[in-house]
Structure formats: structure tokens, C-alpha cells
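Report on the following structure.
The values are calculated or read from the model by the stated rules, or taken from the named source; none is laboratory data. What you see is a predicted model; the values in this text were computed from it and never measured. Virtual Cβ from ideal backbone geometry, glycine too; neighbours counted across all protein chains shown. Surface areas here come from the heavy atoms of the whole protein model, side chains and all, with no ligands, DNA or RNA. Shrake-Rupley method; radii C 1.70, N 1.55, O 1.52, S 1.80 Å.
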Amino acid sequence: KDNPPAIIVSNGETIIVETAKPGIPDEVFTKDYSVVPFPKRVLTITGPIYVEGCEPGDILKIDIKNIELDVNGKMWMGQWMGILMDEVDHCFLKKVKVENNVVHFSEDITFPTTPMIGTIGVAPAGEDIACLIPGEHGANMDALNASIGNSVYLKAQVKGGLLSIGDVHAAMGLGEVLGTGIEIGSTVTMTLSVVKDMDIKHPLIETPTHYEFLVSNVDLFEASKEATRTAISFVQEKNHCVFDEAYALVGQTSNLKIMQVVNPVFTISIEIPKKVLKS
């Protein structure tokens, strides 16, 4: 909250943000970690962005208009990251080319890009939180739907919101089990708007067909329960129905998904289809 804003923008303004290339140097992966300590995990984030008219408690809406990717991407793992970090005994670094919306994984394996913003968050009002750690303020949620054509909603905790973004991926599988996506530099075009008549506790993503709430917790089961509670309350509000009916509808139409299991705090999401909501 004490970081000076990199830029001050008007409510409703569209801006272009340059996000950083992967900052971890190649020599990190040549060291013998049986004799030297593991490297510190650091995310390089661009911001913060101060939005005029955004007060604590307001909702900051981020419409993601476009994500242009650099050409060179990286992915890596080691004994200090990834879901199987206790089972690997060496470091791994792979560089790939990303051209014409295609990832060139190898000479004979390619697949389409799925650009997304891995880390997007506002400044917390209390103690400082490392950008690596997700929570109600957003941050390193690694949500695949934080992507082109969708909107991210975050509850501002400080004046101006102080939004920061980074950790853009050219592609990533659900769960981010390796510990990284295809980390890459980018330019992100987005429109920032202040919403006054809305109240949400957890980050929300809106797609053309769904609403998706994101909940982070050190316990995946507790995160799953909180996500389910959040979805039920949302359906109750939109459909003006009792808990039982909302719970039943969530149980039959919503999707509970694991966003990432490799950060200090895990992230779960629950998708609610718009077609089952009355308002």
C-alpha cells in the first residue's frame, strides 16, 4: 500500500501495460543445490496503477482487451518448486518460441497459445503480502480465465486500488503442476473501471458464459468449501431463492476447479453458468 503508483488513470480509461520477461537467470539451473541453498522465488510485477475515484470497498473491474506475447518463453522446475518438488533431484529449464499464436515445444510438438495473466491483484490494506501469495486481494491466482475478452473483479482495499499485474503465460495447464507456465513477457491492453454498487469478498472473473469465483487457502478442502459457499450465496442473491435450492443448483451446474497447487497458498475456483441465473 505504500508503493508509489507508477501511473494514475481515470475511471474507465484503457491503458497498455508492459509486463516483464522471466527474470530468473539461466545460471540458476546449473548449480548443485546439494551444496548451495535453493533460489528465492520472486515474481516481477508491473505497477501499481492508481485508479481515480476508487475507494476502499469499491470493486475494481479489469476488462482484458488483449494480450500480446513476446517471442521467447521459458518454463522450469527444480527441487524448490512444482507439485513433485520432493521427488526431483535436479533442475530443468526449457526455452520455447512463441509465434503466430503457436507454442513450438519441440520440432515435432506444437500447440496453440492460451495467453493469461498469472498474477493480478490490488494492494492489501494490512501488512504487505508478497506478490507470490494469492488471497482476497487477488495476486498469484494463475486463473486461466484471466484472459482476453474476460473481466476480473477485485475488491479495493486502499484508495486508488493500486493494481499490479504480471506473470503472464503463453500457456499453462490447470493446476500449474510444473510450478511454472510458459513464462513470457507481454503487453496487456485493459480497461479499468470502478464499480460502486457491487460487493464481493473473493476475486471474480466474468466470461461471456460464466461467473467464476476464486478462493485461496493453504488447505485445498477448506478452499473448496469456501468456494462452494460463495457460489451458493451468489445464486441465492441472483435467483432470490433459499439455501437448499441454490445449493442443489450449484451442485448440478457449477464446476469446481483447481487453479494452482504450487504457490504457498493454493487457489480453487468455482464456475457458475449464467444461463441458470435469473438476474
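Taking a 1.4 Å probe, which of ILE268, ILE148 shows the most accessible area, and what order do the others take after it?
Sorted descending by solvent-accessible area, the residues read ILE148, ILE268.
Evaluate the charge dipole of the chain about its Cα centre and quote only its size in Debye, nearest 20, assuming +1 on the Cβ of each Lys and Arg and -1 on the Cβ of each Asp and Glu. Please report the intermediate quantities before stating the final value.
Numbers: 22 positive and 36 negative charges, 82 e Å.
It works out to roughly 400 debye.
Mean-square fluctuation check for the chain, GNM, Cα pairs under 10 Å: which of ASP58, ASP142, ASP70 is largest?
ASP70
So how do ASP197, ASP219 rank on accessible area, 1.4 Å probe, biggest first, that is with the largest at the start?
ASP197, ASP219
Considering Cα pairs under 8 angstrom that are at least six residues apart, work out the relative contact order of the stretch 107-176 and quote it in whole percent.
About 45 percent, as a whole number.
Cα centroid distance between the stretch 236-250 and the stretch 123-196, in Å?
Between the Cα centres of the stretch 236-250 and the stretch 123-196 lies a distance of 29 Å.
So how much accessible area does GLU136 have, in Å² to the nearest 10, using a 1.4 Å probe?
Approximately 90 Å² for this residue.
Ignoring ligands, DNA and RNA, what percent of the 1.4 Å accessible area of the stretch 1-55 is carbon and sulfur?
After summing per-atom areas, the C and S share lands at 53 percent.
Going down the table (LYS201/LYS225; LYS1/LYS225; LYS1/LYS155; LYS21/LYS95; LYS74/LYS97), which pairs top 18 Å between alpha carbons? The partial results should precede the final answer.
Values: LYS201/LYS225 15 Å; LYS1/LYS225 30 Å; LYS1/LYS155 14 Å; LYS21/LYS95 13 Å; LYS74/LYS97 9 Å.
Long pairs (Cα-Cα over 18 Å): LYS1/LYS225.
Classify the chain from the C-alpha gyration tensor, please: rounded if a/c falls under 1.5, else prolate or oblate depending on whether a/b exceeds b/c. Show your work: numbers first, answer last.
Numbers: a/c = 1.66, a/b = 1.39, b/c = 1.19.
The shape class here is prolate.
At a probe radius of 1.4 Å, what is the per-residue accessible area of PHE38, in Å² to the nearest 10?
Surface accessible to solvent at PHE38 totals approximately 100 Å².
Please identify the trypsin sites (Lys or Arg not before Pro) of the stretch 197-279 that satisfy two criteria: DSSP loop assignment and at most 14 other Cβ atoms within 10 Å. Which are they?
Passing both the DSSP loop test and the Cβ count: LYS201, LYS278.
In the stretch 64-110, with Lys and Arg counted as +1 and Asp and Glu as -1 at Cβ, which of these residues, ASN72, PHE105, CYS91, has the Cα nearest the positive end of the dipole, that is, farthest along it?
Value: ASN72.
Quick one: grab the alpha carbon gyration tensor of the stretch 20-125, order the square roots of its eigenvalues as a ≥ b ≥ c, and give me rounded if a/c is under 1.5, else prolate or oblate depending on whether a/b is larger than b/c.
Cα axes put the stretch 20-125 in the oblate bin.
For the chain, find the longest principal axis of its Cα atoms and tell me its angle to the long axis of helix 243-253, 0 to 90°, nearest 10.
The two axes meet at around 40 degrees.
So what is the relative contact order for the stretch 229-279, in percent, with contacts set as C-alpha pairs under 8 Å and at least six apart?
34
Could you tell me whether the stretch 188-279 comes out rounded, prolate or oblate from its Cα gyration tensor? Rule is a ≥ b ≥ c as square roots of the eigenvalues, rounded for a/c under 1.5, then prolate if a/b exceeds b/c, otherwise oblate.
Oblate, because a/c is 1.5 or more while a/b does not exceed b/c.
Under 8 Å for C-alpha pairs, at least 6 residues apart: give me the relative contact order for the chain, rounded to a whole percent.
On the way: 709 pairs, mean separation 67.6, N = 279.
Once divided by the residue count of the chain, the mean separation gives 24 percent.
With +1 on each Lys and Arg Cβ and -1 on each Asp and Glu Cβ, and nothing else charged, work out how big the dipole of the stretch 1-104 is about its Cα centre, in Debye to the nearest 20. All intermediate terms of the calculation are to be shown ahead of the outcome.
Numbers: 11 positive and 16 negative charges, 56 e Å.
The dipole magnitude comes to about 260 debye.
Using only Cα atoms and rounding to the nearest 10 degrees, what angle (0 to 90) does helix 220-239 make with the longest principal axis of the chain?
30
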